[in-house]
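The block underneath contains the structure these notes are about, expressed in structure tokens.
Just so you know, all these numbers are worked out from the coordinates, no wet-lab data involved. Being a predicted model, the structure only gives us computed values, none of them experimental. Note that we place each Cβ from the backbone using ideal geometry, even for glycine, and neighbour counts take in every protein chain shown.
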Amino acid sequence: MARNWTDLMRRLDLSPSGGQRRVLQEKVARHGLDTSHLVKRSPWRKYPDGAIAEAAASSSSLREVAAKLGATPATGTLSHIRRRIDAAGIDISHFPGIGRPQVDLPFTREELQTAAATATSVRGVARALGVPDDSRSGRRWSAC
């Protein structure tokens, strides 16, 4: 007896691709076959909210959370973990940059776009916007 969809596909000499899996699942459903014995292999099911909350409590970034869960910190994985965190209401306010108020800049979005279109560097954008070129503004711009 097959343990999961991939095992079933191998036993049927099918390539375990997503498209063929979907076709097989549709045919099995159409014939009303029982699949309750097949183990769901979603990688997210092995990370219950409690495990995510525990990893988040001792982490300072989504990458750390993923690493503590044993997941590869790819963009899609990080997005998924963030959605799970939001859905479960897990506190990540201790992550740098999370919950930071948006900066109120002294120029409009259009002014910034115009300056960026004509400049070849961040300093050039600052000059085009009239931001003084001193060490204090340099620190502020390097943080952006």
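Below are the figures for this structure:
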{"quantity": "Some residue of the range 100-115 being of a type in the set (Val, Ile, Thr), in a helix (DSSP H, G or I) and under 20 Å from TYR47 (Cβ atoms)", "calculated": "no"}
{"quantity": "Residue within the range 42-50 that is of a type in the set (A, V, I, L, M, F, W, C) and either in a helix (DSSP H, G or I) or touching a residue at least 40 places away in the same chain (Cβ under 8 Å) (or both) present", "calculated": "yes"}
{"quantity": "The range 63-99: number of residues that are more than 17 Å from PRO48 (Cβ to Cβ) and assigned to a helix (DSSP H, G or I)", "calculated": "7"}
{"quantity": "Residue in the range 16-36 that is surrounded by the most Cβ atoms within 10 Å (Cβ to Cβ), counting only those that are within 29 Å of the chain's Cα centre (by Cα) and assigned to a loop (DSSP other than H, G, I, E, B)", "calculated": "PRO16"}
